[in-house]
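Heads up: the structure comes next, in structure tokens.
The values are calculated or read from the model by the stated rules, or taken from the named source; none is laboratory data. All figures in this text were calculated on a predicted structure; none of them were measured in a lab. Using ideal geometry, Cβ is built from the backbone for each residue, glycine included, and neighbour counts are taken over all protein chains shown.
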Amino acid sequence: MHVKEYNQSVDLYSDNVFRFILKNIRDEERARDIVQDSYEKLWRNAENVNFEKVKSYLFTTAYHTMIDVLRKDKRQVSMEDYQIPEEMHDEQYSDLSEILNEAVGRLPEIQRSVVLLRDYEGYSYKEIGDITLLSEAQVKVYIYRARVFLKNYIGKMDLVL
């Protein structure tokens with residue numbers, strides 16, 4: 001990959017990678033750091049990365065960098081306070097995106113990642129498996145479980161609308 005292609009990859013994919021990471025960790029500064037680290041790794045490995053595969057490389061690198069950051073944080077912070085309630089959302093709202101973002105935020109880390117890669121970024125099950133180092137079957141199971149949780153959390157659509 002040449003400098004021009006590298007710069008083009010920044011223009012084409014940096015916003016998507018940032019949005020993906022931000023949806024997962026909900027911290028803009030850390031998301032920016034992860035995206036920057038991903039592009040730094042791309043720069044160091046530019047000779048070995050084909051421009052046609054750069055999007056996949058960036059998402060994979062960003063995902064693994066995010067996992068490393070989250071694991072580091074888990075070691076520093078006790079996770080006993082973190083619980084995911086399986087309750088149904090029964091308050092009446094008119095902003096579906098607000099409810100959906102809240103529901104996605106309550107998903108376990110791996111389920112949130114695969115749902116975002118599938119539904120927000122449009123990756124195939126195989127591509128998600130390559131990025132997350134999961135089998136296609138595991139990806140499908142996590143997406144199914146996430147969607148069931150989202151359906152139960154959001155509840156009936158007449159309560160939302």
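Some notes on this structure:
- The helices (runs of 4 or more DSSP H) falling completely within segment 54-143 that include 1 or more residues that are modelled with pLDDT under 85 map to 54-76, 96-105.
- All conditions but one from (1) crowded, with 17+ Cβ neighbours inside 10 Å; (2) touching a residue at least 60 places away in the same chain (Cβ under 8 Å) apply to TYR13; the one that does not is (2).
- From ILE110, ILE99, ILE154, residue being closer than 18 Å to LEU70 by Cα and either touching a residue at least 40 places away in the same chain (Cβ under 8 Å) or surrounded by fewer than 19 Cβ atoms within 10 Å (Cβ to Cβ) (or both): ILE110
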